[in-house]
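The block underneath contains the structure these notes are about, expressed in structure tokens.
The values are calculated or read from the model by the stated rules, or taken from the named source; none is laboratory data. Predicted model only: the values in this text are computed from it and were never measured. In this analysis, Cβ positions are derived from the backbone assuming ideal geometry, glycine residues included, and neighbour counts consider all displayed protein chains. Note: accessible area is taken over every heavy atom of the protein model, side chains too, but ligands, DNA and RNA are not part of it. Shrake-Rupley method; radii C 1.70, N 1.55, O 1.52, S 1.80 Å.
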Amino acid sequence: MDKLRAAYRVAVIIGLAMMASLLVYAVIVGLFENGSIEFPGTPALSGKELELMKFALLGVSIIIFFLIRFVNTSILNAEGEQGKMLDSRPRSATGVATEFGRLATAAIITYAFCEAPAIFGLVLFFIGRNSSDFYLFMLISLFYFAVYFPKFSQWEEWYRKQQPGQGMRRQ
């Protein structure tokens, strides 16, 4: 159980670092917004093109919300060679014990998906220069992190299912 808790801590630290990147994006947008850094030239897109791109990226963000659950389920329930490959990463590469490789992989992929809408917003900000687009997508990312941030109880449940007949022993 201590190994599981240690692996979870590593995943949480990675997740918090990825969430902190949202703050970095907000600082960057703020620097441009208040004039500390100036934009050269005119916006790359405006009007209908920008609105079309914004709605397309909102659609992709909605798809990502459902894709996260599908990808997590696929990774955690991987059987055969694919599951062995996910579990066989050396500890030195991830800092996580190999028996928790799938949990760590699923968590990191989840974090990347959760961060994607904020990156979409940052791109929209740079091409359209409208900070409200960035903040909308950043809120979507924060919502995704709140919904999908892995909980230790979920990790325990998955681990329990992987250890039939052994129960949860303290190590």
(message) So if I check each of S61, S36, which one is of a type in the set (S, T, N, Q) and assigned to a helix (DSSP H, G or I)?
(response) S61
(request) Scan the stretch 13-51 for residues that are aliphatic (A, V, I, L, M) and free of Cβ contacts under 8 Å to residues at least 24 places away in the same chain and report the count. (result) 9
(message) Any residue in the stretch 93-108 that is over 17 Å from E157 (Cα atoms) and in a helix (DSSP H, G or I) sitting within a Cβ distance under 7 Å of a residue that is of a type outside the set (K, R) and at pLDDT below 80? List the pairs, counting only those 6 or more apart or interchain.
(response) T98/D87; T98/S88
(message) For the stretch 39-73, give me each residue that is open to solvent by 80 Å² or more (accessible area, probe 1.4 Å) and farther than 17 Å from F134 by Cα.
(response) P40, T42, K48, I63, F66, R69, F70
(message) Could you list, ordered by first residue, the pairs with Cβ atoms under 9 Å in which the first is in the stretch 126-143 and farther than 18 Å from T42 by Cα and the second is surrounded by 17 or more Cβ atoms within 10 Å (Cβ to Cβ) and of a type in the set (S, T, N, Q), at least 6 apart or interchain?
(response) F137/S61; I140/S61; S141/S61
(request) For the stretch 107-149, enumerate the residues that are under 14 Å from L23 (Cβ atoms) and of a type in the set (D, E, K, R). (result) E115
